[in-house]
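The values are calculated or read from the model by the stated rules, or taken from the named source; none is laboratory data. All values derive from a computational prediction rather than experimental measurement. Note that we place each Cβ from the backbone using ideal geometry, even for glycine, and neighbour counts take in every protein chain shown.
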Amino acid sequence: MNQADIISGTGVALIIAAFFLTTFNLLKEKSKLFFILNLFGGVLACWGSILIQSIPFTILEGTWAVVAFIGLMKRKQA
């Protein structure tokens, strides 16, 4: 397992954890933790995608992180 696998694998694990926890009602979809898991997961997965030079996944994961960040900021304003 190389560095890119570890970084992106950790990011994907965080995103899946957020999905799992909300699916089984262990975490609310608009909770701070939900957005934080998605934000850090997206950032790590994006970083891993950059390391392997995968433009489509870099765009996907970068967008994921930006949307999670916006959601977190909107939550703070409410």
Take F35 and decide whether it is part of a helix (DSSP H, G or I) and either over 23 Å from K76 (Cα atoms) or among the charged types (D, E, K, R) (or both). no
Give the residue that is surrounded by the fewest Cβ atoms within 10 Å (Cβ to Cβ), with candidates limited to residues of the stretch 1-15 that are under 13 Å from F40 (Cβ atoms) and of a type in the set (A, V, I, L, M, F, W, C). A13
Matching residues, the stretch 16-39, being buried (at least 16 other Cβ atoms within 10 Å of the Cβ) and touching a residue at least 40 places away in the same chain (Cβ under 8 Å): F35
Mind counting the residues in the stretch 1-32 that are assigned to a helix (DSSP H, G or I) and closer than 19 Å to G71 by Cα? 13
Exactly one condition in (1) among the aliphatic types (A, V, I, L, M); (2) within 11 Å of W64 (Cβ to Cβ); (3) surrounded by fewer than 17 Cβ atoms within 10 Å (Cβ to Cβ) is not met by V43; state its number. (3)
Return a yes/no flag: does the stretch 40-51 have any residue that is free of Cβ contacts under 8 Å to residues at least 12 places away in the same chain, of a type in the set (A, V, I, L, M) and within 16 Å of G11 (Cβ to Cβ). yes
Would the stretch 56-75 turn up any residue that is surrounded by 13 or more Cβ atoms within 10 Å (Cβ to Cβ), at pLDDT below 95 and part of a helix (DSSP H, G or I)? yes
